[in-house]
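First up is the structure itself, then whatever we jot down about it.
The values are calculated or read from the model by the stated rules, or taken from the named source; none is laboratory data. Remember, it's a predicted structure, so these values are computed and weren't measured experimentally. Cβ atoms come from the backbone with ideal geometry, glycine included; neighbour counts cover every protein chain shown. Please note that ligands, DNA and RNA were not included when accessible areas were found on the heavy atoms of the full protein model with its side chains. Shrake-Rupley method; radii C 1.70, N 1.55, O 1.52, S 1.80 Å.
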Amino acid sequence: MAGVCVVLCAQDLPPGVLLLSRVKRHTAEELKQLNNVSCLETVYRELETRNGKMAPLDTIRLEVLTDGHAEQYASPGDRKFSSQHPITFAGSGVLGNGLFGLYLRNILLSGFAVSQYKGEEEIGGHRLARWDYKLPSVWSGERIQLLEGSGTVGLHGSFWADPQTYDVTRLELHADEIPPSLPLEEEAISIRYGRARLGGSVDVLLPQAAEFLLVKSSGEVDHNRMEFTHCRVFGAESTIDFNATGSEAPAPRFGVSTVDDTLRPLPAGLQIEVKLTSPISGDMPVGSLIEGAVAAKVKGTITIA
């Protein structure tokens, strides 16, 4: 009778429940593969001032390193990644994070989001299953910081998954439960995921493109369009440790050690005349590498231990 009960109980489940369980298990396994994966993130930023028109602001390029839990950032070609928010690389404007694994974990795996199956839809020539969800602000972890104020918001939206492969292919998020301390009218994020082959053998699910829209109470609108390319398993030049100990492990920390012994810190005040070997233009993306050569003798003393 026990075997019959299992079959009957499975048949009596509401539509989409069993499929969602498989999508969640599959997503958890996919995020485990994001160990030392880095991608080049290109952000095209636009700004619409109050009573103005949407106009290009700038383009930012960053190297993103993730383990599926946390994200670290560096300028393209840099060997040292930072846990600071990516906005520190831009200086101003709007930038976000969490596109690799944080949103998927919070919405699909945390157990705090309430999901409702909406059936299958035809999107881009593919038959995809859709769920609507709501994640309260107390569990969302979605904190928005503006110059005018800050606060934590709730999230609601939809996600779509392939019913055959269980891959999540699209995720949409909208802010709700906006606190009075946050002068915000709207926040909307759309992420598109796809398969990427790393190192010729590892096939993982990664974000391919995303869009971010933020509308302030003042009427100012920020719009970012993001692309993720040149993804690889990072490790040729650094040692990265995501391991943590203890029953309540802290957020993953990156330990980076360079293998290039020619890289040494220079003493403060040392003056080096450098001649640019590549031109600089006003339309260059933020984060672009600038090459130069030492143009004169360096006066000073450098001690190498």
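So who's got an amide H within less than 5 Å of the one on residue 58, skipping anything under 5 residues away but keeping other chains? H placed 1.01 Å off N, in plane.
For residue 58, whose amide H was placed from the backbone, the distant partners under 5 Å are 45.
May I ask you to give the solvent-accessible area per residue for the stretch 148-215, in square angstrom, as obtained with a 1.4 angstrom probe?
40
Could you report the stretch 12-61's accessible area per residue, 1.4 Å probe, as an integer in Å²?
That works out to 57 Å² for each residue.
Search the structure for amide H atoms under 5 Å from the amide H of residue 217, placed 1.01 Å from N in the peptide plane, and list their residues when 5 or more places away or on another chain.
Distant-sequence amide H within range of residue 217: 184, 185.
For the stretch 78-206, with all protein chains present and a 1.4 Å probe, just round the carbon and sulfur fraction of the accessible area to a whole percent.
48
Let me check I've understood the local charge: for residue 153, count other residues with C-beta under 9 angstrom from its C-beta, Lys and Arg +1, Asp and Glu -1. What total comes out?
-3
How would you rank 117-123, 94-100, 16-22, highest first, on the average number of other Cβ atoms within 10 Å across their residues?
94-100, 16-22, 117-123
Once phi is turned into θ = phi - 60°, what whole-Hz ³J(HN,Hα) does the Karplus curve with 6.51, -1.76 and 1.60 give for every residue of the stretch 150-167, x standing for Gly and Pro?
With the stated coefficients, the stretch 150-167 comes to 8, x, 9, 10, x, 9, 9, x, 9, 9, 10, 9, 6, x, 9, 9, 6, 6 Hz.
Quick check on packing: order 270-276, 110-116 by the mean number of other C-beta atoms within 10 Å, highest mean leading.
Highest mean packing first, the order is 110-116, 270-276.
From the phi of every residue in the stretch 181-191, what ³J(HN,Hα) in whole Hz does the Karplus formula 6.51 cos²θ - 1.76 cosθ + 1.60 yield, where θ is phi - 60° and glycine or proline is x?
Whole-Hz 3J(HN,Hα) from phi for the stretch 181-191: 6, 10, x, 10, 9, 7, 9, 9, 10, 10, 10.
If you take every DSSP beta bridge whose two residues both sit in the stretch 117-180, what share of them, in percent to the nearest 5, is antiparallel?
100
Please turn the phi angles of the stretch 54-60 into ³J(HN,Hα) values with the Karplus equation 6.51 cos²θ - 1.76 cosθ + 1.60 (θ = phi - 60°), one per residue in order, whole Hz, x for glycine and proline.
5, 9, x, 9, 6, 10, 10
Rounded, prolate or oblate, given the Cα gyration tensor of the stretch 20-128, with a/c below 1.5 counting as rounded?
oblate
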